[in-house]
Amino acid sequence: MTASTETSPSAPPTPPGVPRPQVLFLMGSGHSGSTILGVTLGNCDGFFYAGELDNWLVRKGASLLGGTERTRFWNEVRDGVEDAESAFGADAQRYLERSSAILRPGKAALRERLRASWAPVTESLYRSIADTAGAAYIVDSAHFPLRARELKRLEGIDVYLIFLVRDPQQVVHSFVKHINRHAHAERRWRTLVTNADMSLTYLLATQVFLGHPRERRALLRHEDFLADPQGILRSIFALTGSSAAVPDLSSLQTGFPMQGNRLIKSEMVSFRGKPGPPAHRSRLTAILQLPWRAVFALLRPRMRPLAPEQAQGQDGP
């Protein structure tokens with residue numbers, strides 16, 4: 001599999017003196033901890049957690065959740081996006097961004113037509129979010145590797161890539177736990193499907209990760225973030241060139257993300273630096289995910305916690 005070198009149509013160049021949007025994209029499998037990482041970053045000076053922005057076009061600029069302030073924010077964002085209506089709908093998500101898009105061959109012409117409107121609207125969207133939020137860094141937790149690939153092609157934004165991975169047993173458990181424990185066939189099927197989805201996502205994500213500039217990418221294990229959130233935040237600041245300080249993790253505002261997991265339904269959350277309850281160990285998952293353990297052990301750079309004294313001297317952009 002080889003990466004395409006084509007570039008996407010872009011919005012008009014950012015005027016001189018106007019900062020380019022800095023996009024921190026959280027890439028990986030679903031249920032890997034992107035929402036809590038995004039919320040935490042959204043409480044850092046200069047960062048805005050926008051949630052899963054692949055849904056912005058699908059929902060025609062409206063947030064999944066209501067609320068006066070949230071609705072006002074996303075209405076203002078939508079008003080600031082040039083020609084947004086030309087890209088509204090689910091086609092771009094379906095044929096450009098989702099990992100399953102590669103399973104739909106023969107759609108090259110359609111993808112080019114979609115990209116022609118998607119690219120300038122997406123650039124304009126990030127600029128509008130940055131302006132509305134007054135933020136330098138936009139955290140996008142859409143997590144699809146193919147969306148990250150498309151974002152890399154845009155000339156009007158700077159993309160920082162965090163490849164977020166989590167214990168696969170915990171990922172599978174998060175999808176299976178709601179199924180009746182006596183429905184053995186359904187639980188086995190969901191386990192198999194989730195493993196297949198993870199493997200496809202990891203295959204595409206690894207390719208995108210290796211094709212991204214080394215100085216703007218990092219592999220992050222969710223468990224490392226839980227173990228030392230302050231140290232990982234300092235590493236993210238170092239990666240992005242931010243001079244932000246670590247926030248109070250006992251009182252985090254969830255902000256106005258477009259979409260995410262149920263965590264964002266609360267206005268305030270407190271960081272719990274512990275993994276969830278032990279997952280039931282699936283032998284099938286252990287076997288199917290074994291190759292990816294080896295791959296992740298080799299991928300570099302891997303994000304490690306930074307101590308306060310190590311972070312001193314890091315300059316902002």
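The values are calculated or read from the model by the stated rules, or taken from the named source; none is laboratory data. Note that the structure is a prediction, hence the values are computed from the model and not measured. Positions of Cβ are generated from backbone atoms using ideal geometry, with glycine treated the same way; all protein chains shown enter the neighbour counts. All accessible areas refer to the heavy atoms of the entire protein, side chains included, with ligands and DNA or RNA removed. Shrake-Rupley method; radii C 1.70, N 1.55, O 1.52, S 1.80 Å.
Summary table
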quantity: Scan of the stretch 101-112 for residues that are surrounded by fewer than 14 Cβ atoms within 10 Å (Cβ to Cβ) and of a type in the set (Gly, Ala, Ser), ordered by number; calculated: GLY106, ALA108, ALA109
quantity: Residue in the stretch 78-85 that is in contact (Cβ under 8 Å) with a residue 60 or more places away in the chain, exposed (fewer than 15 other Cβ atoms within 10 Å of the Cβ), assigned to a loop (DSSP other than H, G, I, E, B) and not basic (Lys, Arg) present; calculated: yes
quantity: Test set (1) in a loop (DSSP other than H, G, I, E, B); (2) at pLDDT below 95; (3) touching a strand residue (DSSP E or B) at 6+ places or on another chain (Cβ under 7 Å); (4) not acidic (Asp, Glu) - ARG272 fails condition number; calculated: (3)
quantity: Cross-chain or 6+ apart pairs with Cβ under 9 Å, the stretch 284-312 first and part of a loop (DSSP other than H, G, I, E, B), then exposed (fewer than 11 other Cβ atoms within 10 Å of the Cβ); calculated: ARG300/ARG214; PRO301/ARG214; PRO301/GLU215
quantity: Filtered residue count, the stretch 39-77, keeping only those that are hydroxyl-bearing (Ser, Thr, Tyr) and surrounded by fewer than 21 Cβ atoms within 10 Å (Cβ to Cβ); calculated: 2
quantity: Any chance LEU239 is in contact with a helix residue (DSSP H, G or I) (Cβ under 7 Å, 6 or more places away or on another chain) and assigned to a helix (DSSP H, G or I); calculated: no
quantity: Qualifying residue in the stretch 205-218 (condition: touching a residue at least 60 places away in the same chain (Cβ under 8 Å) and in a strand (DSSP E or B)); calculated: yes
quantity: Any hit, the stretch 158-173, residues being farther than 24 Å from ILE36 by Cβ, surrounded by fewer than 21 Cβ atoms within 10 Å (Cβ to Cβ) and not basic (Lys, Arg); calculated: yes
quantity: Tally, over the stretch 154-183, of residues that are among the basic types (Lys, Arg) and either at pLDDT below 95 or in a strand (DSSP E or B) (or both); calculated: 2
quantity: Odd one out for ALA286, checked against (1) at pLDDT 90 or above; (2) open to solvent by 60 Å² or more (accessible area, probe 1.4 Å); (3) over 29 Å from PHE47 (Cβ atoms); calculated: (2)
quantity: Selected residue (criterion: nearest to CYS44 (Cα to Cα)) from residues of the stretch 115-141 that are open to solvent by 30 Å² or more (accessible area, probe 1.4 Å) and part of a helix (DSSP H, G or I); calculated: ALA133
quantity: Contacts under 9 angstrom Cβ, first residue in the stretch 121-142 being at positive phi, partner among the hydrophobic types (A, V, I, L, M, F, W, C), 6 or more apart; calculated: GLY134/PHE48
